[in-house]
Amino acid sequence: MRKAPAAFLTFVIAAAGFAIAGEFIHSATVPVSANVADQVEEGFKRAAERVRSTLPKRVDDATTLMDVSNTGTVLTYRYMVDSDNYELIPNFMQVARQRAIGLACNTEDTKAAMEAGGTYEFNYSDGKFQSLGGFVVTSADCR
């Protein structure tokens, strides 16, 4: 069994995730009277729709982004990891979460979305659709 590529965790988190986070800021056409939560929700909805049309998307040799969806102000990414051919490190979720927090808190658009009430959720499964785990990143993680 091969080890997952060295760039695996960072790339998985960053690839389709944060590149589209700015959608809610730059392309959401929400009435001026809408509250901030409505603006975040509309932006996440548009971002999810845009990315979903390109899926599934291979992120690296071991990982495929299978779905992006939103429920209100939560933007959820679902990844499938080829755990049949790649061995995950034992603390995969902890490392992935720490890297996601670092990226989210240091990326202007994602940080703005979280400060406005947005939440990013990451879920991972293996090739048999068995959950490998997941985590949520919020503005509280940036403090």
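Structure notes:
- Where a residue in the stretch 39-62 is within 16 Å of Thr110 (Cβ to Cβ) and its partner, wherever it lies, is outside any helix (DSSP H, G or I) and hydroxyl-bearing (Ser, Thr, Tyr), with Cβ under 8 Å and at least six apart: Val40/Thr73; Glu41/Thr73; Gly43/Ser27; Phe44/Thr73; Arg46/Ser27; Ala48/Ser69
- Any pair with Cβ under 8 angstrom, 6 or more apart, that starts in the stretch 99-123 at a residue that is more than 21 Å from Asp67 (Cα to Cα) and at pLDDT 90 or above and ends at one that is charged (D, E, K, R) and part of a helix (DSSP H, G or I): Cys105/Lys111; Cys105/Asp141
- Count of the stretch 115-133 residues which are assigned to a strand (DSSP E or B) and on the phi < 0 side of the Ramachandran plot: 10
- Hits in the stretch 69-98 (condition: surrounded by 17 or more Cβ atoms within 10 Å (Cβ to Cβ), modelled with pLDDT under 90 and in a loop (DSSP other than H, G, I, E, B)): Ser83, Leu88
The values are calculated or read from the model by the stated rules, or taken from the named source; none is laboratory data. Predicted model, so just to flag it, every value in this text is computed and none were measured. Reconstructed Cβ throughout: ideal geometry from the backbone, glycine too, with neighbour counts over all protein chains shown.
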